[in-house]
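Just below is one structure, and these are the notes that go with it.
Please treat every number below as a calculation from the coordinates, not as lab data. Here the structure is a predicted model, which means the values were calculated and not measured. All Cβ positions, glycine included, derive from the backbone under ideal geometry; neighbour counts span all protein chains shown.
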Amino acid sequence: MNRRTDNGTLWPVAARWEDLVAIIEARALARTFTGRKGREKTEVVAVAGVDLSVDEGEIVGFLGPNGAGKTTTLRMLTTLLRPTSGTATVAGFDVARDPVEVRQRIGYVSQSGSTSPEARAGEEVVDHGLLYGISKAQAEARGRELFEQLDLDGLWERQPKAMSGGQRRRLDIAMGLVHDPSLVFLDEPTTGLDPQARANLWEHIADLRDKRGRTVFLTTHYLDEADALCDRILVIDQGMIVASNTPDALKREVSGDLIMLELVDPSRAGDAAERLKAAGSTEPEIDGASVQARVPGAGSVLAGLLRSLDSVGVELASIDVRRPTLDDVFLTVTGRSLREGA
Amino acid sequence: MTTTPTASAVTTATGKRRSSFWHDTFVIFRRQFRLAVRNPAWVIIGLLQPVLYLVLFGPLLEPLAGAIGAENAYTFFVPGLLVQLGIFGAFFAGFSLISEWRSGVVEAERVTPASRTALLVGRVLRDVVQLFVQGVVLIVLSFAFGLRASPGGLLLGLLIVVLLGVACASASNALALTTKSEDVMAPLINSIALPVLLLSGILLPISARSGAPDWLVTLSDFMPTKYIVNAVRDAFASDFTTANVLWGVLWTIGLTALAVWAGTRTFRRENS
Ligand SMILES: Nc1ncnc2c1ncn2[C@@H]1O[C@H](COP(=O)(O)OP(=O)(O)OP(=O)(O)O)[C@@H](O)[C@H]1O
Ligand SMILES: [Mg+2]
């Protein structure tokens with residue numbers, strides 16, 4: 001809790017989004033799992049207190065490492081799990097008081113499968129639609145349409161056990177979308193998909209927003225996915241939201257652009273660092289002839305910086321500006337990298 | 001730009017309607033039944049069971065009947081076989097739910113607005129249909145072997161057994177979703193079913209007349225299934241107004257209500 005208020009700058013959205021009517025609204029949502037290990041009682045704080053607000057028509061990405069509490073939060077928002085404390089309103093209804101009303105209005109694709117291996121794909125999708133109360137004809141039409149859009153042509157009669165992992169994943173997604181919900185929760189929808197299938201699904205999800213006005217709340221630990229697909233990103237770590245904004249704003253606010261100077265004369269590194277700091281950078285790192293530091297919005301300081309370096313006679317061999325990546329953001333707010341192998 | 005998420009604004013474009021208990025139950029039942037019928041083992045073993053009981057066990061019955069003092073061996077023993085079929089078959093029904101839970105089907109169903117009771121009852125209906133067919137096969141075969149009973153008696157007997165099947169299948173499903181492990185559930189079921197089977201006089205009646213010691217008789221008096229077996233026996237013998245029938249029917253209804261309630265709770269509970 002206090003981590004959020006300490007880092008006021010990491011939470012610039014709360015004030016802005018609060019005035020709008022949200023389709024998802026969570027306040028201090030928390031979940032502790034109690035288990036038993038031998039005679040001792042064990043407690044796992046999966047979600048420590050999450051405040052979030054999602055607007056209609058947004059695609060919001062929930063980004064976080066393994067065990068951060070993404071699935072647990074999603075299961076609370078979809079009424080599958082009762083919060084230990086805190087409240088959440090989804091699609092206008094309280095998840096604890098009116099779970100049926102919430103269920104009626106949402107779709108959910110869980111992280112791990114949703115079909116029987118022995119069943120037939122098409123029948124599973126239609127039955128799922130029927131449980132939402134849509135007619136058989138509607139379920140069948142929408143199911144077949146989804147199969148076509150998700151590249152599952154010809155697999156309507158196939159048993160899930162005879163489908164590839166990626167095909168099964170897309171079948172799960174078809175299940176969650178068959179009743180055309182206005183709000184969809186997708187838990188790591190692209191895990192196990194090849195690059196082409198992933199790009200196709202991104203397009204499909206973007207279409208849900210653009211063509212149907214749907215709201216999508218998805219979890220991922222792929223930075224490129226969050227970057228390419230999401231209007232807004234919530235970074236969760238150890239059960240708490242540590243940053244929340246548009247991908248661009250996050251990159252801008254949290255880390256700034258990296259300016260890398262290569263000097264002709266290494267002995268002038270100190271002067272170069274001083275000029276960088278004067279231009280509003282972070283504490284520069286000096287390594288021989290190279291000096292680098294982060295500056296929020298490098299585009300607007302670069303001209304001035306070059307002039308000031310010139311005025312003190314620091315000669316540059318090269319200058320490079322790198323836009324921050326989401327991984328930089330992630331590293332800054334969690335102290336860890338999400339990049340593979342990092 | 002944003003609109004208020006009132007009920008109408010957030011319902012789907014396809015204009016869904018609220019689903020009802022019977023509708024949901026039917027959807028779940030049809031799915032379960034379809035899966036079961038496509039499994040040849042389920043059909044063959046299901047039909048073979050009553051046949052085996054009669055063919056392998058029947059020859060022993062006639063000499064036994066005289067010793068116990070029953071007039072018609074089959075009228076006496078078939079009710080026991082029926083109850084056993086109901087208890088055992090239905091007790092193992094929960095196993096398929098564990099693999100369904102593992103593949104995420106239960107969670108996928110739980111996230112829909114479907115009635116939680118329907119999620120249970122739809123599944124139990126599949127087992128009830130199986131039990132009913134098995135019961136009818138057993139009764140028809142027994143007629144060939146020499147069973148004699150009135151249609152009303154058979155109907156009441158079968159009804160009691162089917163209700164008992166609902167109770168046992170519900171309990172089994174509840175147990176499945178609670179343990180979530182075949183390795184825990186199998187010994188648990190065996191340790192419940194075996195004493196029930198032995199103590200309720202399903203195969204051999206426990207009474208002073210059959211030569212049972214007092215302590216065994218007293219112990220068996222605590223077994224609800226003893227009254228249920230006796231109720232089916234009396235029904236087959238067309239004695240509809242006995243205390244046995246009253247207690248048997250009451251126990252069956254009570255157990256069924258309790259088990260359906262417990263089963264629904266496990267579907268409602270988180271972590272299932
Ligand atoms: N049923 C449970 N019982 C006990 N602990 C649990 C349970 N479910 C989750 N946890 C714990 O809660 C924490 C958060 O888990 P959660 O599944 O929400 O993480 P996640 O962000 O979805 O991770 P991943 O990226 O691996 O899917 C983890 O430490 C996990 O071990
Ligand atoms: Mg997860």
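Details
- Ellipticity estimate at 222 nm from DSSP helix runs (n ≥ 4, -39,500 (n - 2.57)) divided over the protein assembly as shown, nearest 500: -16500 deg cm²/dmol
- Residues B:Ser238 and A:Val100, FRET efficiency given R0 of 45 Å [Cβ-Cβ distance, rounded to 0.05]: 0.40
- Length released on extending from A:Glu148 to A:Arg336, taking residue separation times 0.36 nm less the Cα-Cα span: 63.7 nm
- Computing FRET efficiency as 1/(1 + (r/R0)^6) for A:Asp320 and A:Asp207, where r is the C-beta to C-beta distance and R0 is 41 Å, gives about 0.65.
- Multiplying the residue separation of B:Asp214 and B:Trp42 by 0.36 nm and removing their Cα-Cα distance gives an extension gain of 57.8 nm.
- Footprinting exposure proxy for B:Leu35, A:Leu305, B:Leu250 (fewest neighbouring C-beta atoms within 10 Å first): B:Leu250, B:Leu35, A:Leu305
- Averaged over the residues of A:101-108, the number of partner chain Cβ atoms lying within 10 Å of the residue Cβ comes to 5.
- Taking Cα centre as origin and charging only the Cβ of basic (Lys, Arg, +1) and acidic (Asp, Glu, -1) residues, the dipole magnitude of the protein assembly as shown rounds to 2080 debye.
- Distance from the Cα centroid of region A:238-305 to that of region B:100-169 is 72 Å (rounded to whole angstrom).
- For region A:67-143: rounded, prolate or oblate by the Cα gyration tensor [a/c cutoff 1.5]: oblate
- Potential lengthening between A:Glu262 and A:Gln196 on full extension [0.36 nm per residue; Cα-Cα distance subtracted]: 19.8 nm
- Under the simplified labelling scheme, the B:Val55-B:Ala144 pair shows an inter-label distance of 0.9 nm, with each label point 7 Å from Cα along Cα→Cβ.
- Taking 7 Å steps out from each Cα toward its Cβ at B:Leu188 and A:Thr246 produces label points 5.3 nm apart.
- Among the residues of B:109-122, the average count of other protein chain beta-carbon atoms within 10 Å of the residue beta-carbon is 5.
- Helix A:269-278 axis, angle to chain A major axis (alpha carbon atoms, nearest 10°): 60 degrees
- The calculated FRET efficiency for A:Glu283 paired with A:Ala228, based on their beta-carbon distance and R0 = 51 Å, is about 0.95.
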